[in-house]
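Here is the structure we will look at.
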Amino acid sequence: MPRFAVDHLDLLLNLLRTDLDGDAQVMSRIPDHIVEFLPLVTVRRTGGETPAPEFYDVVLLNVQCWCAPTPGGDQYRAAADLADRVRGILWTAYRTQRVLAGGWIGVVRESSG
């Protein structure tokens, strides 16, 4: 059965999986035993509005980046660097109006970083 509304989750998960090129797992939830999946990016809807669900959706997303400690490294710095890559992927897809399976990103607005 086809979906009634735009599938924002498929669009974003596929975009990030493609552009991160295997450098991180990309999921819609924080998995049990998280350390087995690091580095990890999670994408979850936290709100938004749906003025015309068959055509577009205005979603608020929570994107989190997780990295493992490394000998002599800083896991927080690694997670911040991964978050910067994700931010760049989303902004670039928006600015270039890159068409993906399922649509494109019509607006990007950061509420916290």
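The values are calculated or read from the model by the stated rules, or taken from the named source; none is laboratory data. If you're wondering where the values come from, they're calculated on a predicted model, not measured in any experiment. All Cβ positions, even for glycine, are placed from backbone atoms using ideal geometry, and neighbour counts span all protein chains on display. The accessibility values were calculated without ligands, DNA or RNA, using every heavy atom of the protein model including side chains. Shrake-Rupley method; radii C 1.70, N 1.55, O 1.52, S 1.80 Å.
In region 1-28, which residues are assigned to a loop (DSSP other than H, G, I, E, B) and acidic (Asp, Glu)? If you could, list the steps in order and put the result at the bottom.
Of the residues in region 1-28, the ones assigned to a loop (DSSP other than H, G, I, E, B) are 1-7, 21-24, 28.
Answer for region 1-28, where residues must be assigned to a loop (DSSP other than H, G, I, E, B) and acidic (Asp, Glu): ASP7, ASP21, ASP23.
Collect the residues in region 29-38 that are free of Cβ contacts under 8 Å to residues at least 24 places away in the same chain, open to solvent by 50 Å² or more (accessible area, probe 1.4 Å) and in a loop (DSSP other than H, G, I, E, B), keeping them in residue-number order.
The answer is ARG29, ASP32, HIS33.
I need a count of the residues in region 70-113 that are closer than 18 Å to LEU20 by Cα and among the β-branched types (Val, Ile, Thr).
6
Scan region 79-113 for residues that are of a type in the set (A, V, I, L, M, F, W, C) and touching a strand residue (DSSP E or B) at 6+ places or on another chain (Cβ under 9 Å) and report the count. If you could, list the steps in order and put the result at the bottom.
Of all residues in region 79-113, those of a type in the set (A, V, I, L, M, F, W, C) come to 79-80, 82-83, 86, 89-91, 93, 99-101, 104-105, 107-108.
Pick out the ones that are also touching a strand residue (DSSP E or B) at 6+ places or on another chain (Cβ under 9 Å) and you get 79-80, 82-83, 86, 90, 93, 107.
Residues meeting the conditions: 8.
Which of the residues belonging to region 39-55 are closer than 23 Å to ARG17 by Cβ and open to solvent by 60 Å² or more (accessible area, probe 1.4 Å)?
In the first step, residues of region 39-55 are kept if they are closer than 23 Å to ARG17 by Cβ; the result is 39-46, 48.
Within region 39-55, ARG44, ARG45, THR46 meet the criteria.
Restrict the check to region 43-53 and report whether at least one residue is of a type in the set (S, T, N, Q), under 18 Å from ASP84 (Cβ atoms) and outside any loop (DSSP other than H, G, I, E, B). Please lay out each step first, then the result.
Initial filter on region 43-53 (of a type in the set (S, T, N, Q)): 46, 50.
Imposing the further condition that a residue be under 18 Å from ASP84 (Cβ atoms) reduces the set to none.
Within region 43-53, not a single residue is of a type in the set (S, T, N, Q), under 18 Å from ASP84 (Cβ atoms) and outside any loop (DSSP other than H, G, I, E, B).
Give the residues of region 14-26 that are within 10 Å of the chain's Cα centre (by Cα) and buried (at least 17 other Cβ atoms within 10 Å of the Cβ), sorted by residue number. Give the derivation first.
Keep residues of region 14-26 that are within 10 Å of the chain's Cα centre (by Cα), which gives 14-17, 26.
Those that are within 10 Å of the chain's Cα centre (by Cα) and buried (at least 17 other Cβ atoms within 10 Å of the Cβ): LEU15, LEU16, VAL26.
Select from region 56-113 the residues that are of a type in the set (A, V, I, L, M, F, W, C) and assigned to a strand (DSSP E or B) and write down the one among them that is surrounded by the fewest Cβ atoms within 10 Å (Cβ to Cβ). Break it down into steps so the answer makes sense when it comes.
To start, the set of residues in region 56-113 that are of a type in the set (A, V, I, L, M, F, W, C) comprises 58-61, 63, 65-68, 78-80, 82-83, 86, 89-91, 93, 99-101, 104-105, 107-108.
When the remaining residues are screened for being assigned to a strand (DSSP E or B), the result is 58-61, 63, 65-66, 100.
Working: VAL58: 14, VAL59: 18, LEU60: 12, LEU61: 17, VAL63: 17, CYS65: 20, TRP66: 20, LEU100: 14.
That would be LEU60.
Considering only residues that are surrounded by fewer than 11 Cβ atoms within 10 Å (Cβ to Cβ) and under 16 Å from ALA101 (Cβ atoms), look in region 1-13 and name the one that is nearest to the chain's Cα centre (by Cα). Full working, then the answer.
Initial filter on region 1-13 (surrounded by fewer than 11 Cβ atoms within 10 Å (Cβ to Cβ)): 1-4.
With the extra rule that they be under 16 Å from ALA101 (Cβ atoms), the set shrinks to 2-3.
Values: PRO2: 23, ARG3: 21 Å.
Among residues in region 1-13 that are surrounded by fewer than 11 Cβ atoms within 10 Å (Cβ to Cβ) and under 16 Å from ALA101 (Cβ atoms), the one nearest to the chain's Cα centre (by Cα) is ARG3.
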